[in-house]
Amino acid sequence: PVFLHADGEKQARIRIFAVDTKGRPADGQDIVMSATSGTVGAPRFIGNGLYEATYTAPWADAASTVTVTASLKGLEASSTDSVEIGLEPAPPASLTLSATPDQITPNDKKSTLTAALLDGNGGPARGKNTVEFRTAEGPIKNPKAQGKAVFTADVPVVWNVRTRVQALASIRGN
């Protein structure tokens, strides 16, 4: 893949094609693998000069690039190749939305909405995320970031008038 989520779990297959000095498939080679971040397993022989290893992305807060390198053991200076894979933080797994107050009284003029973006483990989502709050009239102006992956917005309310609000997560500006 060109990009992989850096969640400590996503994997990619790396295929290596080894040839001899005459350009023929080379079986029985000792392939050495390395990665600038994350882990890469030992390659296994598939057949006809083809080997395969599994790369596991690291856990990361920010986008980066990893270089995975394969070499013939003992011939690293002349038999090395590499591939780059883009790493990006995993997108939020869920969004929780709460309102304060959660029940409107005749004296209330606004309700503060809080949206929290969560990762797959229930912790704050990583990366550059934003939340847009919307009503039927359009976006609510000036939502505020309250910390890592938590956003708030004040919604004007009127007693006994139902207002429907949506919270949309934007991941890295998309």
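So, with +1 on the Cβ of K and R and -1 on the Cβ of D and E, and no other charges, what is the size of the charge dipole of the chain about its Cα centre, to the nearest 20 debye?
For the chain, the charge dipole is close to 540 debye.
Using only Cα atoms, figure out Rg for segment 16-65 and give it as a multiple of 2.2 N^0.38 Å.
Numbers: Rg = 14.0 Å, N = 50, 2.2 N^0.38 = 9.7 Å.
After normalising by residue count via 2.2 N^0.38 Å, the value is 1.44.
Hey, if we sort Trp159, Trp59 by accessible area with the 1.4 Å probe, largest down, what's the order? Display every interim value, and only then the final one.
Values: Trp159 115, Trp59 145 Å².
The most accessible residue leads, giving Trp59, Trp159.
Note down the net charge around Lys144, summing +1 for each Lys or Arg and -1 for each Asp or Glu among other residues with Cβ under 13 Å from its Cβ.
Charge balance near Lys144 sits at -1.
Please give the contour-minus-distance gain from Leu75 to Thr56: 0.36 nm per residue of separation, less the Cα-Cα distance, rounded to one decimal in nm.
On the way: separation 19, 0.36 × 19 = 6.84 nm, distance 2.54 nm.
Additional length available on full extension: 4.3 nm.
Which of the listed residues, Ala167, Thr36, Val157, is farthest toward the dipole's positive end in the chain, when Lys, Arg count +1 and Asp, Glu count -1 at the beta-carbon?
Farthest towards the positive end: Val157.
If you stretched the chain out fully between Thr67 and Ser34, how much longer would it get, using 0.36 nm times the residue separation minus the C-alpha to C-alpha distance? Please list the in-between numbers first.
Values: separation 33, 0.36 × 33 = 11.88 nm, distance 0.83 nm.
Extra length available between Thr67 and Ser34 comes to 11.1 nm.
Specify whether the C-alpha gyration tensor of segment 10-110 places it in the rounded, prolate or oblate class, a ≥ b ≥ c being the square roots of the eigenvalues: rounded for a/c under 1.5, otherwise prolate if a/b is larger than b/c and oblate if not. Mind dumping the intermediate values first?
Working: a/c = 5.72, a/b = 4.06, b/c = 1.41.
Cα axes put segment 10-110 in the prolate bin.
Could you grab the Rg to Rh ratio for the chain? Cα atoms only, Kirkwood for Rh.
On the way: Rg = 24.9 Å, Rh = 19.6 Å.
Reported Rg/Rh (Cα atoms, Kirkwood Rh): 1.27.
Calculate one ³J(HN,Hα) per residue across segment 89-94 by plugging θ = phi - 60° into the Karplus curve 6.51 cos²θ - 1.76 cosθ + 1.60, and present them in order as whole Hz with x for glycine and proline.
Result, rounded to whole Hz: x, 5, x, x, 8, 7.
Over 18 Å, how big is the tail of the calculated P(r) for segment 108-174, in percent of all Cα pairs? Let's see the in-between values first.
Details: 845 of 2211 pairs.
The calculated P(r) of segment 108-174 puts 38 percent of pairs beyond 18 Å.
Find how much the distance from Arg24 to Thr96 grows on full extension, using 0.36 nm per residue of separation minus their present alpha carbon separation; answer in nm with one decimal. Walk me through the intermediate numbers first.
Working: separation 72, 0.36 × 72 = 25.92 nm, distance 5.70 nm.
Computed gain between Arg24 and Thr96 is 20.2 nm.
Would you rank Glu9, Glu137 by solvent-accessible area, highest first, keeping every protein chain in place and using a 1.4 Å probe? Could you put the intermediate results ahead of the total?
Values: Glu9 135, Glu137 160 Å².
I get Glu137, Glu9, largest accessible area first.
Go through segment 1-64 and name the trypsin sites (Lys or Arg not before Pro) that are in a DSSP coil and have 16 or fewer other Cβ atoms within 10 Å of their Cβ. Show your work: numbers first, answer last.
On the way: sites: Lys10, Arg13, Arg15, Lys22, Arg44; in loops: Lys10, Lys22.
In loop regions of segment 1-64 (DSSP not H, G, I, E or B), the sparsely surrounded trypsin sites (Lys or Arg not before Pro) are Lys22.
The values are calculated or read from the model by the stated rules, or taken from the named source; none is laboratory data. Keep in mind that this is a model prediction, so the values were computed, not measured. Glycine gets a Cβ as well: all are built from the backbone with ideal geometry, and neighbour counts include every protein chain shown. All accessible areas refer to the heavy atoms of the entire protein, side chains included, with ligands and DNA or RNA removed. Shrake-Rupley method; radii C 1.70, N 1.55, O 1.52, S 1.80 Å.
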